Amino acid sequence: MTRAARIERVTHETKVVVEVDLDGTGMADIATGIGMFDHLLSAFAHHSLIDLTISTDGDLEVDDHHTVEDTMLVLGSAFDEALGDRAGITRYGDATIPMDEALATVAIDYGGRPYAVIDAVFRAERIGELSTQMIDHALEAFSRTARATINISASGRNDHHVAESIFKALARATRSAIELDPRRVGIPSTKGTL
């Protein structure tokens, strides 16, 4: 079974192409035009062991909103397609990741119910060219199209560390949740469907 997908989305604001291989080695080829966003997505790929190729051409002359949101919507859609009916997956995962003074905890359920609860405070308006308010919005967008419930708590004094610890914790939680459970037969739900 191949758990991979390629999704392309073109609007008047962005052109996004995402390729994922859920059973990869953590290879990343990310180009969104926003350096810090590329850094976070590369860390996500590396620590989840998911191969990830992302190319986004967005209206950065406006701001970073459409580029970040649309990238994460397409990434979530690619996850949803690659997971298929989600038969055999562990479904749940969690991780707590420290990065110097910062600490992030992520719990995730790839059970088909999109919901995001994010408790993270940033001190500045930007990290490089990435608006800190877009970090929450990015994670919410991913949750919607990946059909995943994500609960995130993060704190720290350095915004770069807080953001990076969130994406690394998301990666490790995702890695656990999407792994195939050799004892699981069928859909991981008592309802029999997700």
- Note down all Cβ pairs under 9 Å where the first residue falls in the stretch 139-160 and is closer than 17 Å to S176 by Cβ, the second is among the basic types (K, R), and they're at least six residues apart or on different chains. A148/R113; T149/R113
- Note on the structure: A careful count of residues in the stretch 135-183 that are within 10 Å of the chain's Cα centre (by Cα) and of a type in the set (D, E, K, R) gives 2
- Condition check for T96: among the polar types (S, T, N, Q) and touching a residue at least 60 places away in the same chain (Cβ under 8 Å): yes
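Where a number appears in this text, it was derived from the coordinates with a stated rule and is not lab data. Just so you know, these numbers come straight off a predicted model, no measurement behind them. Counting neighbours? That spans all protein chains shown, and the Cβs are built from the backbone with ideal geometry, glycine included.
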